[in-house]
Amino acid sequence: MDSIYEALVNIVGKEYVSNQPEELYIYSFDLGTAEPCQPQYVVSPRATEHIQGIVRLANKEKIPIVPLGGGLSLAGLAVPLKGGILLDLKRMDSIIEVNENARYAVVECGVSQGQLTSYLEKNYPRLTHSEPGAPPAATLAGNVMIHGQGDLAQPYGFNSDLVNGLEVVLPTGEVCHIGSVAIGAGWFTNHPLPDVGLFLGWCGTTGIITKLSIRLFPCKRIRGVGTFVLEHEDLVPEAVYKLTHTQMAEDIVAFSSAIPPFASELQQITVNIAADSEKELEFKQEILWDDTLGEYIHRGEGAYLGFVRHLQRPQISKTSDYKKGGGFEYVGSIVPIQRYPECYRKGREISERHGIPYTVTGRCVGAGHSMMFAWTFAFNRADPETIIQARKALHETDDLVLQLGGVIWKPGTYGQKLILERLDPGTKELMGKIKRLIDPNGIMNPGNWEVA
Amino acid sequence: MSLADFKYADTIHRCFRCGYCKFPVNWKDVNNCPPYARFRMESYSCGGRLWLTRAWLNDQIKWTEHLAEILYSCTTCKNCVIKCPLRFNVDIVNMVIAARGEMVESGRLPQAVKKFLENIELYGNPYGESRAKRGEWANRMGVEKYHGQEYLLYVGCTGSYDTRAQKAARALAEIMMRAGVSFGVLGPEETCDGNEVYKLGESGLFEVLAENNIQKYKNTGAQKIVTFSPHAYNAMKNYYHEYGGSFEVFHYTQFLHGLIENGKINNLRCPNMKITFHDPCFLGRWNEEYEAPRAILRAVEGVEFTEMGKNKESALCCGGGGGNFQIDLLGGSENSPARRRAREAYETGANVLAVACPKCLVMLNDAVESEELANRLEVLDISEIVIKGLNI
Ligand SMILES: Cc1cc2nc3c(=O)[nH]c(=O)nc-3n(C[C@H](O)[C@H](O)[C@H](O)COP(=O)(O)OP(=O)(O)OC[C@H]3O[C@@H](n4cnc5c(N)ncnc54)[C@H](O)[C@@H]3O)c2cc1C
């Protein structure tokens, strides 16, 4: 008899534990190019206490635990690299509170982006959150865990900057709270207590987020997206800088792709605009398109392509179905916006070298403070050779990010290694100390951020 | 069979597993795929099923009873087809059916599926009840045997044998008689329409059923068929023509709506009914008929109609499709789709949950009882609401 299995059943109930080949197979995969690794158990907890019990068991048995949200981060970050217990957190899916006046929502870790958007649309139409372009099954916790960015990143920054508080199960099983909630004062702010933010960006290697409070923002009555096209990549940083100066845009995204061929080499900029009235919309459109970008039109360097009302729900990148292949992965980076032209040119070279049509995207984070720039590589899931090609291209791009003076966003193990090689020794040592102290048995998502 | 021989060998790897297929149209939750809602493990999601099928055909995993149960837990409700944004979406359910077909071919089936198919073959119904009893639901009603009347009323297995569904079948027959419709039934000569057999992957048996039924209908001269069940409606409307059966097929809600429109049924009154409606998958998502049942309910004076949050193409399946009404791989939990759906209906504040399918009727009726809501939420077939409306 498998005693770990029995113990897990005692914690969450038989239906929510599996050690059968079908579940072990499915949970061994990431959707990108990462090599599959099988867990020994898959568990789907429903409560913080379940997670505490599982963590304590894992410490006793010295078996790894890998938390999984939507599993959509595409860099193998929730692949059980060293086996162990795969913790599927999606059953923890209650929206606990929405505070309309203080504009925040408290959710359990399995709440998906789509679920929160739908809930707000129905119950609080004047509020919205910064939703990433990821498929709506992505969880809020998974997203802040990797410092994701949503469609309000331009005015408000990374989603992990919008966290108002956390409940975390520590690697040794205790529960702790971060932010105002830690003194029972509600979930409305992350400050001003001493900073013990040891969790965001750590990919679950320092604890499991069970609840989080995320900031919400005014949702104006009219929201839509306008598109502008520039003929040359060198023009993008200045145009984005000017757009951010207006403080009238929500999302600002620049992109270029080889498909469709007629638009290849052109740089498109989409700008999300929100307004409560037609008057406000007209005013903003005039400032953005005429006063700010009009000069590019006059010089024959750009064109306004129009404004479409209503924001589209995030669409899974059709890139995955490029040539009916079913797969893609991207390298994301956080870089200064000034680097856009080189990011575009060098990324394109890499794609062309590997015979993959290029797709690049840059989302403005903060008022031009940085940009999340992504290079996407499609592959055919049925053709292992294309997966190898895409993986090579991804690794080359990881190297490129660092050469360009950027930071790899949500790096997989290859990118993490590159970062750790360059990391300030003092910082690395601090990370190691934290990790050894907080996770003495090294059970949390091992293989990721191995500093200890 | 190897992957290369699989009908969808060129397509099945294209599922990215983005998870859109778990949601309803308005993204309210990830519980709109019935097996995923029930088990909440990725293996039971639509993407999980496709990836497992591919792995099985590729010999990366072996056949197990558990694998078969995962594949057979799909109710073929088509939520995934509606939600998947990629171009191969039309084939998602077909891929699952084809994989089941391979299990049928090689005789590796869950026990309950085997029993289901065996019963159909032996008795013409999945209950294993005698053929002779098939017409008993209409005893002493004066329903005529079909002998060339304008319409053949096809009642189906559930309406014929299940005691709860029989009541609704009787209501429908009574309405048709009172409206002066020229119709008859086949009684003991009626046989399963085969929709579920098709969805369970037993295409050979389906072919036999379809051909025999078509022959029978042709011999009796039937040209217009009214089906009580949307499952039968789907089979007869969408598959029978491939076997030479080109009948004019109506789901009974379409037919009743017609009777209301041309004044054959009028003065319907049901005071104090607050009704919400559950769209059956085989009427809604499979055949895009969302309006007829609602139009009937609108025609009943005194009815206050309210929609569930998930309605029409977003409706959560009751969990009874694709043979699951009998093989019951999704039951036994508060997370069973039927119980979730009963709670969703109750949340609307309705006192009647209207259905238009005998399987949904039985599934949701049981679910309302399990949820201990029976004295606050009554599950009624639309035929039963109409008959109540006529009797007042
Ligand atoms: C088409 C596409 C578009 C995308 N666009 C964007 C975008 O615009 N912006 C963006 O930010 N991202 C984007 N992404 C990346 C990614 O999908 C999202 O960031 C997503 O929110 C990650 O959440 P998840 O629930 O899928 O996380 P997962 O992949 O499940 O997890 C991410 C990491 O966090 C850990 N983890 C998960 N939950 C917890 C928890 N509760 N406690 C501790 N650790 C945990 C996991 O172990 C893993 O290391 C995109 C992805 C795709 C496929």
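The values are calculated or read from the model by the stated rules, or taken from the named source; none is laboratory data. All figures in this text were calculated on a predicted structure; none of them were measured in a lab. Don't worry about glycine lacking a Cβ; one is built from the backbone with ideal geometry, like all the others, and counts go over all protein chains shown. All accessible areas refer to the heavy atoms of the entire protein, side chains included, with ligands and DNA or RNA removed. Shrake-Rupley method; radii C 1.70, N 1.55, O 1.52, S 1.80 Å.
Of note:
- Subset of the range A:187-218 [away from the ligand (no atom under 15 Å from the Cβ), under 24 Å from residue A:112 (Cβ atoms) and assigned to a loop (DSSP other than H, G, I, E, B)]: A:187, A:188, A:190, A:216
- Elements of the type strands (runs of 3 or more DSSP E) sitting completely within the range A:69-159 and holding at least 3 residues that are surrounded by 24 or more Cβ atoms within 10 Å (Cβ to Cβ): these cover A:85-88, A:104-108.
- Among residues that are surrounded by fewer than 18 Cβ atoms within 10 Å (Cβ to Cβ) and more than 26 Å from the chain's Cα centre (by Cα), residue A:310 is not included.
Residues are listed down the side, and each one gets a yes or a no for (1) touching a strand residue (DSSP E or B) at 6+ places or on another chain (Cβ under 8 Å); (2) open to solvent by less than 10 Å² (accessible area, probe 1.4 Å):
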{"site": "A:344", "(1), (2)": "yes, yes"}
{"site": "A:361", "(1), (2)": "yes, no"}
{"site": "A:364", "(1), (2)": "yes, yes"}
{"site": "A:367", "(1), (2)": "no, no"}
{"site": "A:382", "(1), (2)": "yes, no"}
{"site": "A:386", "(1), (2)": "yes, no"}
{"site": "A:395", "(1), (2)": "no, no"}
{"site": "A:414", "(1), (2)": "no, no"}
{"site": "A:417", "(1), (2)": "no, no"}
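- Whichever residue in the range B:218-241 is among the charged types (D, E, K, R) and assigned to a helix (DSSP H, G or I) and, among such residues, is least open to solvent (accessible area, probe 1.4 Å): B:237
- Close pairs (6 angstrom Cβ cut-off, 6 or more residues apart or separate chains): away from every other protein chain (no Cβ under 14 Å) in the range A:58-86, more than 12 Å from the ligand (Cβ to nearest atom) and at pLDDT below 95 anywhere: none
- Within the range A:24-62, the set of residues being surrounded by 18 or more Cβ atoms within 10 Å (Cβ to Cβ) and basic (Lys, Arg) comprises A:46 only.
- Some residue of the range A:148-160 being within 13 Å of another protein chain (Cβ to nearest Cβ) and either more than 13 Å from the ligand (Cβ to nearest atom) or under 21 Å from the mean Cα position of the chain (by Cα) (or both): no
- Helices (runs of 4 or more DSSP H) lying entirely in the range B:15-94 (those with 2 or more residues that are under 24 Å from the mean Cα position of the chain (by Cα) and at the interface with chain A (Cβ under 7 Å from one of its Cβ atoms)): B:65-72
- Residue match in the range B:316-333 (condition: open to solvent by 30 Å² or more (accessible area, probe 1.4 Å) and more than 16 Å from the chain's Cα centre (by Cα)): yes
- Checked against the criterion of being under 25 Å from residue B:212 (Cβ atoms), surrounded by 20 or more Cβ atoms within 10 Å (Cβ to Cβ) and charged (D, E, K, R), the range B:82-96 contains not a single residue that satisfies it.
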